[in-house]
Every structure is written in structure tokens, then in C-alpha cells.
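Everything below concerns the one structure shown next.
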Amino acid sequence: MNQANFRRLLARNSYLFALLLLIVVVLINYSRQDNLFDPSVLNRNIRVFLPLAILAVGQAIVIIGGGIDLSVGAMVSLCNALLVTWITPETAGGDILLAIGLVALVGMAAGLLNGIAVAYLRLQPIVTTYATSFIFAGLALTILPRPGGQLPSDMTGLYRRLIEVEAFANIPIIQDISILREIPPAFIVIAIILLLWAFLRQTRLVQYIYASGDNAEAAYTTGIPVQRIRLGTYVISGFFAAMAALALTMSLGSGSPTSGDAMTLDSIVAVVLGGTRLRGGQGGIAGAMMGVVILGVIRNIISFYDVPTWSQTLVDALIILIALAGPGFVRYVSDLIRRYRLQGGRAA
Amino acid sequence: MTTAKAKRGSFVPNFTSRLTPPLIALILAIVLFLLGGVISPGFVNANQAINIVRLAAFLGIIAAGQTLVIISGGEGIDLSVASVVTLGAILTFRLTDGQDALILPVLGLVMLVGAGIGLVNGLGIVFLRIPPLVMTLAMAGVVQGVILQVTRGELEGETPDLMRTLIAQPLIGPIPGVIFLWIGLGIAMWLLLERTPYGKMLFAVGINRTTAMLSGVRVPLVVVLTYAMSGMLAAFGGFVLLGFTDIVFLNLGGRYLFPSIAAVVVGGTLLSGGKGSYWGTMSGALVLQLINSLLQAQGLPEATQSIILGVVLLVLISIYGRQRAFRL
């Protein structure tokens, strides 16, 4: 009975396992780095995680809608190249905002291309977005042939400050409540995204995304505009890729035509670690964000445990593999126990 | 009887129905090759043709296991091929250390190691229900990690002379051995897929796992076996590749990862599983290699090459990689 309840609990809360995992890795990290929860350390960590976290939100939405986007990394590279080309240390404030707006549009246009190919030309998502990633990577390389560019120090400073306590410390309410003063604003950014999602989750639009991913045929039969919804998920992913590129560019302060390439597969692993199944129709962005933090904390642990350089890749991959195997292992073992009990019951 | 047949067999529909994706890919490969001659004179000659087939052979051999995995369905895909290729090459490089006598035993060991890695993939996918994409991706990381851990970046060894002679250099006339090897593998794969119980079961599993299970197919066994074979073939690909590259480096297989999937898809194998052929993958590998060689022959900048490759891939998969439309 307890067993059944536990299984139901796991099935219903797909990111329960991710949460457990998150707690475990954070505790391991904390055991070696006792200032982990200092606001400044938390800040620094979240600042590093933020670009991938934003990217994973877009990836999660595409995956929930029944697709996958292998071009997100190339989109980040493209937007990163555009940002450092359009924004120089001399650029005026208004023009910076214009450039950011344009980059967001470029990201959405790139997503639109993916979306049209997948939803309307009915091409298979994996190969389609793999093909378009060549287009985006080529464009990034055309725009910015070699690493370079420089962002105004105001902008990089803003990214640091925004994500440090002082920026918010002067706001009256935060000043009055001491606990709020201790909360790094990066968490507030993430909290805003999560709250927004919790609100959107109730809307028909997002319900449609889940329905399209769960069973496209059935969704179509009940009148859901599956093709438009799919198109939409890729455009959203393009937008989030542009925002991830903005965060990445602000934290690096410069650009590279391959800056985002490694983020594609990380974003997918993060989504899966967060309890979203690749088949679509289930999961959420909270899980994806937890997945990103888990990935980041694993890398923290590796550096704090002084893992030798040559072993880091192996340790990293093994921990990820174990984390991925976790939910399946629990299910497999509980299946075995149930079968054993059933047999025992029949014998008695 | 004859009139009915004549009515049905009007030339055009009959012709188009015979125009299967592998055939389209093959025709495309020939057209691309001739197109190369039009764009840059001197592109079309026997040596060039042999060179392109030789290069395509490496991709084709590496994509063999990928074909099986993709046919097995259930979102089947193997992202660990690249690192297994690298591992296969490094193992051969180190263990033979240039000695011809050790080639065969080392080949056996290399394929066994590859099969073992694939076996773990299959077990994780079937019993722990990890999605193939992330399972094989994590495994790729583990294999890459093991390579780094063991070698510490110091890749010592030597390629046996015999391998170089047999694989990359002209063997019979101007044709290098790898092409014969590829043709042999093609025949073996055809036999495996079309003439063995395993092949029949693989397609059944790819079309619908539940019906396959109800028809008495041991689905878990077939899937695990398929991933094990994919690992084995990838390791074999690494072994063969070493005969061509002569040296090893840590990311030797990296550039074959996604092309191996693209070759399968361009060859008309459905990513959703249950339909496909290795002969299609062979044509797909030829097409991809031709596009690559054509782009390189133009001397275009890398960025432009990348964009054109992306557009061409999109066009290729939109010819027949399309999924079914929604119907009420």
C-alpha cells in the first residue's frame, strides 16, 4: 500500500526526484564549501547558472510540446555574436536597448524557421533543428569570424550588480525586511519566471502545449491548433535563446562565434534531470531549472573535491548517468519487490 | 487481367512508387557529382570518385550501428558512437603499437569493448527506461572520461603498417580496401536485416513494440542486442578509421556523430523507427560526403559552407523525411 502511494507520488510529481537530487548535491557541496549559502557565493553561482537556466526554459517548453531543439546552442552563439557587434563600449543607452530588442527578434525569427519546418513542413525535429543549427552557426561565424568584441562596462557591471544584493538594497520594502535583503536578486529573477509560469500554466495556451505534446493526434481531433502551438514553442525557444545569449554576453563581457555550442546538450540533459520526459506532454520549467542547478552544483563539487583534471570528465559523466538512472532504478526495484510480494501472497 | 494490369501500371505512378528514398539518395549522389563537374571543371574524374567513396565509406561504416538503433524505434538514437569510435581507434593504436601480428586479436577486443558499452546503453534504456538520447549522451561522456582518465592526454602507440596498406591505400587497382570492406559490410547488413529472424524482429519492434511483444518477440532482448551491436560497429568504425588517419586524437570521432544520424535519415530511414535500410544509409553517406567535397572544392569560407550545408540538409529531409499530416 505504501509502495503504491510512493509510486503514485513519484508519477504525479515528476520533479520530486529532481528535488531530492538537488538537496543531495547541494548538501554534498555544502559539506566542502561551508560558505555556499553566503549571499555573495550564491550570487556568483547563480550568475554562472543563469544563461543555461534561461536556455533550458525554452528547451523545456519545446520538449513539453512534443519536439526537441538541437539548434539552441547555435542560436545563443548567433545572438552573442550580434550583441557584441551591435554594442560597443561607446554605444548609447537607447541604442543598447534597441540592439537587445533586435537580438530578441533575431532569436524569434530563428525559432520561426525551426517552427515552420517542424510544424508546417512536418519535418522530424531532431534532424531539422540539427540542420538549422548549421545555418545559425554559419551566420554567427560570418558576423563574428573570431572571438572578440567588448561590452560597455556599465552593462557587465549591471549584470553583476543586478545579481548582487546592493542593487536591490535601496528599495524600501527590501530595506525593511532583513531576510529579503539576504536573498540574491538572481533568485528573484528565477522566482519571477517560475511565478509567471505557474500563472501561465493555468491558461488555455499552455494547456494546449501539454495536450499537443501528450498526444498530437488526439489534441488535433479535439480542435487544438497543434501546428500553430508547435510553431509557437519553437519561437518561444528562440526568444529564450536570445535572452540566454544576453545573460551570457553580459557575464562574459565579450563574444565568440561558438560561445553557445556546448549548451545545446546540457540544456536537454537539464530538462530530463528535471523530470520532464522527452516524449512530451509532461514536466515543467521548474524541473528544468532544478536540472540546471544540479548540473552546475555537480561541477562545483568536482572543483571543491579537488578531483584531478584528467578525472573530471569521467566523474561528471558518471554522476549525471547515476542521476539519470535514479528514477528508473527506483521504479525497477519497486517493481521487483511488488512482483516478489505478489508471488509470496499467492504461495501463502 | 492484363487490361487491369495495364491500367494500373501506367508508367508514371509505377515509376514514382519504385523511387524509394535510398534510390533518390543514390540518384542525388550521381547528380551532385556531375554538378560538381559543371561548377568546377576537373571535379569529375575516376580518382576523385574513388576518393569520395573512400571518405564516405568511413562515415558509412560508422553509421551502420546507428541505422539499426534508429530502426528499432522508441526514439532510438545513439549519441555515443563518436566517443566509441575514438575509443576504438585509441585502443587499436595503443595495443597493437604498430605490430601487424596483433591486429586481429586487438580488433576482437575492440569490438568486444564496443559491444559492452552498447550493452550498458541498451540495459539502461530498456530496464531503467532512460530516454535513448540522454542515456547514450551520458555514456558518451563516460567513455570520453575514461579515455581522458586512462591516457591523461598522452596518446602513445603506432598504427600497424598492414592496416594502412589494407584500408587506406589502393588495394586492387586504384581502389582502396576500405571500399571493399564497406561493400562487404553492406551485404552483411542486408543479410542481417532482410534474411535473419533478428532483422524481422527488429522491424517488428520498430513498428510497434506492443504488437511485437504480443507476437512473441522478446522486445527487451532485441533492443539491448541492437544497442550492443551499435557499440560494436562504432568501435569497428574507429578501428577502420585509424587505418586512414594514422594518428589518434581525443576528438577523433566527434565530427562523425551527427553526420552518422544525418546519413541514416537522408537514406530514408524513419527516425520514428520500423522502416529503413542500410543501403539507404550508404547512399546517404555518399550524398553527405559529396556535398562536403563539393563545398570544399569551391574554396568557400567555412561560415558559408556551414550555412549551405544546413540549407541543403533541410531541403534533403523535406524531400522525404516528412511526417504524416494530421487527419480528423
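Got at least one residue in segment A:314-334 being of a type in the set (D, E, K, R), within 26 Å of the chain's Cα centre (by Cα) and not in a helix (DSSP H, G or I)?
Scanning segment A:314-334 turns up no residue that is of a type in the set (D, E, K, R), within 26 Å of the chain's Cα centre (by Cα) and not in a helix (DSSP H, G or I).
Can you find a residue that is within 14 Å of chain A (Cβ to nearest Cβ), part of a helix (DSSP H, G or I) and crowded, with 22+ Cβ neighbours inside 10 Å anywhere in segment B:265-279?
Yes: segment B:265-279 contains one or more residues that are within 14 Å of chain A (Cβ to nearest Cβ), part of a helix (DSSP H, G or I) and crowded, with 22+ Cβ neighbours inside 10 Å.
So, A:Ala117, is that one farther than 17 Å from A:Gly73 by Cα, touching a Ser or Thr at 6+ places or on another chain (Cβ under 6 Å) and modelled with pLDDT of 90 or more or not?
On the way: farther than 17 Å from A:Gly73 by Cα: yes; touching a Ser or Thr at 6+ places or on another chain (Cβ under 6 Å): yes; modelled with pLDDT of 90 or more: yes.
Considered against the rule, which asks whether it is farther than 17 Å from A:Gly73 by Cα, touching a Ser or Thr at 6+ places or on another chain (Cβ under 6 Å) and modelled with pLDDT of 90 or more, A:Ala117 comes out as yes.
Can you confirm whether segment B:89-101 contains a residue that is touching a helix residue (DSSP H, G or I) at 6+ places or on another chain (Cβ under 7 Å), more than 27 Å from B:Ala204 (Cβ to Cβ) and loosely packed, with under 15 Cβ neighbours inside 10 Å?
Of segment B:89-101, the ones touching a helix residue (DSSP H, G or I) at 6+ places or on another chain (Cβ under 7 Å) are B:89-93, B:95-96, B:100.
Next cut, more than 27 Å from B:Ala204 (Cβ to Cβ) only: B:89-93, B:95-96, B:100.
Within this subset, residues satisfying the condition of being loosely packed, with under 15 Cβ neighbours inside 10 Å are B:100.
Yes.
Of A:Ala110, A:Ala140, A:Ala81, A:Ala74, which residue is in contact with a strand residue (DSSP E or B) (Cβ under 7 Å, 6 or more places away or on another chain), aliphatic (A, V, I, L, M) and either more than 9 Å from chain B (Cβ to nearest Cβ) or touching a residue at least 60 places away in the same chain (Cβ under 8 Å) (or both)? Give the derivation first.
Values: A:Ala110 fails: in contact with a strand residue (DSSP E or B) (Cβ under 7 Å, 6 or more places away or on another chain); A:Ala140 fails: in contact with a strand residue (DSSP E or B) (Cβ under 7 Å, 6 or more places away or on another chain); A:Ala74 fails: in contact with a strand residue (DSSP E or B) (Cβ under 7 Å, 6 or more places away or on another chain).
Answer to the selection: A:Ala81.
Check A:Ser133, A:Ser77 and return the single one that is modelled with pLDDT under 95, closer than 25 Å to B:Asn292 by Cβ, assigned to a helix (DSSP H, G or I) and of a type in the set (Gly, Ala, Ser).
Values: A:Ser77 fails: modelled with pLDDT under 95.
Going through A:Ser133, A:Ser77 in turn, just one is modelled with pLDDT under 95, closer than 25 Å to B:Asn292 by Cβ, assigned to a helix (DSSP H, G or I) and of a type in the set (Gly, Ala, Ser): A:Ser133.
Residue check: is B:Glu158 within 17 Å of B:Asp246 (Cβ to Cβ), of a type in the set (D, E, K, R) and not in a helix (DSSP H, G or I)?
Values: within 17 Å of B:Asp246 (Cβ to Cβ): yes; of a type in the set (D, E, K, R): yes; not in a helix (DSSP H, G or I): yes.
Here the answer is yes, as B:Glu158 does meet what is asked.
Quick check on this structure: which one of A:Gly328, A:Gly283, A:Gly255, A:Gly274 is more than 25 Å from A:Ser77 (Cβ to Cβ) and crowded, with 23+ Cβ neighbours inside 10 Å?
Values: A:Gly328 fails: crowded, with 23+ Cβ neighbours inside 10 Å; A:Gly255 fails: more than 25 Å from A:Ser77 (Cβ to Cβ); A:Gly274 fails: more than 25 Å from A:Ser77 (Cβ to Cβ).
Of A:Gly328, A:Gly283, A:Gly255, A:Gly274, the one residue that is more than 25 Å from A:Ser77 (Cβ to Cβ) and crowded, with 23+ Cβ neighbours inside 10 Å is A:Gly283.
Looking at (1) out of contact with any Leu (no Cβ under 8 Å at 6 or more places or on another chain); (2) within 14 Å of chain A (Cβ to nearest Cβ); (3) at negative phi, which is the one condition that is false for B:Asn51?
Here B:Asn51 clears every test but (2).
Return the total of residues in segment A:24-43 being surrounded by fewer than 17 Cβ atoms within 10 Å (Cβ to Cβ) and over 13 Å from A:Ile301 (Cα atoms).
6
When you go through (1) in contact (Cβ under 8 Å) with a residue 12 or more places away in the chain; (2) among the acidic types (Asp, Glu); (3) surrounded by fewer than 17 Cβ atoms within 10 Å (Cβ to Cβ) one by one for B:Asp78, which number turns out not to apply?
Every listed condition holds for B:Asp78 apart from (3).
Tell me yes or no: at least one residue of segment B:224-232 is of a type outside the set (A, V, I, L, M), surrounded by fewer than 20 Cβ atoms within 10 Å (Cβ to Cβ) and more than 30 Å from B:Asp97 (Cα to Cα). Give the steps one after another, and end with the answer.
Taking segment B:224-232 as the starting set, the residues that turn out to be of a type outside the set (A, V, I, L, M) are B:226-227, B:230-231.
Restricting the remaining residues to those that are surrounded by fewer than 20 Cβ atoms within 10 Å (Cβ to Cβ) gives none.
No, segment B:224-232 contains no residue that is of a type outside the set (A, V, I, L, M), surrounded by fewer than 20 Cβ atoms within 10 Å (Cβ to Cβ) and more than 30 Å from B:Asp97 (Cα to Cα).
Hey, any hits in segment A:284-303 for a residue that's farther than 28 Å from A:Thr129 by Cβ and modelled with pLDDT under 85?
Looking for residues that are farther than 28 Å from A:Thr129 by Cβ and modelled with pLDDT under 85, one finds at least one in segment A:284-303, hence yes.
Checking B:Ala325 against (1) under 12 Å from A:Val127 (Cβ atoms); (2) among the hydrophobic types (A, V, I, L, M, F, W, C); (3) more than 20 Å from the chain's Cα centre (by Cα), which test does it fail?
Checking B:Ala325 against (1) under 12 Å from A:Val127 (Cβ atoms); (2) among the hydrophobic types (A, V, I, L, M, F, W, C); (3) more than 20 Å from the chain's Cα centre (by Cα), the one that fails is (1).
If I filter segment B:109-140 down to residues being farther than 17 Å from B:Leu68 by Cα and surrounded by fewer than 22 Cβ atoms within 10 Å (Cβ to Cβ), which single residue comes out as nearest to the other protein chains (Cβ to nearest Cβ)?
B:Leu128
B:Pro132 passes all but one of (1) in contact (Cβ under 8 Å) with a residue 24 or more places away in the chain; (2) more than 19 Å from the chain's Cα centre (by Cα); which number fails?
Every condition holds for B:Pro132 apart from (2).
Given the criterion buried (at least 24 other Cβ atoms within 10 Å of the Cβ), within 11 Å of chain B (Cβ to nearest Cβ) and more than 19 Å from A:Val48 (Cβ to Cβ), identify the matching residue among A:Ser237, A:Ser212.
On the way: A:Ser237 fails: within 11 Å of chain B (Cβ to nearest Cβ).
Step by step, each of A:Ser237, A:Ser212 is checked, and only A:Ser212 is buried (at least 24 other Cβ atoms within 10 Å of the Cβ), within 11 Å of chain B (Cβ to nearest Cβ) and more than 19 Å from A:Val48 (Cβ to Cβ).
Can you pull out every residue in segment A:267-312 that is away from every other protein chain (no Cβ under 14 Å) and either more than 11 Å from the chain's Cα centre (by Cα) or aromatic (Phe, Trp, Tyr) (or both)?
Correct list: A:Gly296, A:Val297, A:Asn300, A:Ile301, A:Ser303, A:Phe304, A:Tyr305, A:Asp306.
All but one of (1) away from chain A (no Cβ under 11 Å); (2) within 30 Å of B:Phe93 (Cβ to Cβ); (3) over 18 Å from the mean Cα position of the chain (by Cα); (4) surrounded by fewer than 19 Cβ atoms within 10 Å (Cβ to Cβ) hold for B:Val248; state the number of the condition that does not hold.
(4)
Report every pair of residues separated by at least 6 positions or lying on different chains whose Cβ atoms are under 7 Å apart, first residue within segment A:236-256 and on the phi > 0 side of the Ramachandran plot, second at pLDDT below 95.
From residues that are on the phi > 0 side of the Ramachandran plot, the pairs are A:Gly253/A:Gln150; A:Gly253/A:Leu151; A:Gly253/A:Thr156.
Of the residues B:Ile71, B:Ile39, which is buried (at least 24 other Cβ atoms within 10 Å of the Cβ), out of contact with any Asp or Glu (no Cβ under 8 Å at 6 or more places or on another chain) and touching a residue at least 12 places away in the same chain (Cβ under 8 Å)?
B:Ile71
The values are calculated or read from the model by the stated rules, or taken from the named source; none is laboratory data. From a predicted model like this one, the values you see are computed outputs, not experimental measurements. FYI the Cβ positions are ideal-geometry reconstructions off the backbone, even for glycines, and counts take in every protein chain you see.
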